[in-house]
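The values are calculated or read from the model by the stated rules, or taken from the named source; none is laboratory data. Note that the coordinates shown come from a computational prediction; the quantities given were computed from them, not determined experimentally. Here Cβ is always computed from backbone atoms with ideal geometry, including for glycine, and neighbour counts include all displayed protein chains.
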């Protein structure tokens, strides 16, 4: 079994948002950031259960990994996936509100040529993308696969394997 090289710089300083949100979407962006703070704080206080899982991607034979953080009612509040190929890797953190709706996705990617980037997607309560930001952190150009839809804890293997 081959494991994809996962080359990530996960500590990103500063704001990744290159432009302020549109006023009509500000509420959804602020709500997504509030969910992120709440979930991360609850994880830090060990208030969510953690379940780790892995799978072999059928097409590539590479391993994909996931960590699901769930509350006492079994609702997934954060889903973290890691996957990649021989020349790049990505880690995606997806945040969910208490109704199970994705509110924020943060993808951190790295390639063997030194390219690093972060992509964020914000969703409103209906699951509509309200904002997307991309920031190249380092290195030369590399074409990373963009996030195309909100993640689902039920389909994380398919989502991570592509």
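Can residue 86 be described as surrounded by fewer than 20 Cβ atoms within 10 Å (Cβ to Cβ) and under 23 Å from residue 33 (Cα atoms)? The answer is no for residue 86. For the residues 32, 28, the requirement of being under 20 Å from residue 127 (Cβ atoms), over 17 Å from the mean Cα position of the chain (by Cα) and touching a residue at least 60 places away in the same chain (Cβ under 8 Å) singles out 28.
Going through 74, 127, 100 one at a time, which residue ends up being at positive phi and in contact with a helix residue (DSSP H, G or I) (Cβ under 9 Å, 6 or more places away or on another chain)? Every option except 100 fails the conditions.
Listed by position, the strands (runs of 3 or more DSSP E) contained in the stretch 39-154 that have at least 2 residues being closer than 23 Å to residue 28 by Cβ and in contact with a strand residue (DSSP E or B) (Cβ under 6 Å, 6 or more places away or on another chain) are 76-84, 88-96, 102-111, 116-123, 129-138.
When the stretch 90-107 is filtered for residues that are under 16 Å from residue 136 (Cβ atoms) and surrounded by fewer than 23 Cβ atoms within 10 Å (Cβ to Cβ), the ones remaining, listed by number, are 106, 107. Could you tell me whether any residue of the stretch 2-22 is at pLDDT below 95, surrounded by 11 or more Cβ atoms within 10 Å (Cβ to Cβ), assigned to a helix (DSSP H, G or I) and on the phi < 0 side of the Ramachandran plot? There is no residue in the stretch 2-22 that is at pLDDT below 95, surrounded by 11 or more Cβ atoms within 10 Å (Cβ to Cβ), assigned to a helix (DSSP H, G or I) and on the phi < 0 side of the Ramachandran plot. Condition test on residue 112, is it farther than 14 Å from residue 39 by Cβ, over 11 Å from the mean Cα position of the chain (by Cα) and in contact (Cβ under 8 Å) with a residue 12 or more places away in the chain? It is true that residue 112 is farther than 14 Å from residue 39 by Cβ, over 11 Å from the mean Cα position of the chain (by Cα) and in contact (Cβ under 8 Å) with a residue 12 or more places away in the chain. Among the residues of the stretch 137-162, those identified as exposed (fewer than 15 other Cβ atoms within 10 Å of the Cβ) and modelled with pLDDT of 80 or more are 146, 154, 155, 158.
Take residue 55 and tell me if it is under 20 Å from residue 161 (Cα atoms), touching a helix residue (DSSP H, G or I) at 6+ places or on another chain (Cβ under 7 Å) and surrounded by fewer than 22 Cβ atoms within 10 Å (Cβ to Cβ). Here the answer is yes, as residue 55 does meet what is asked.
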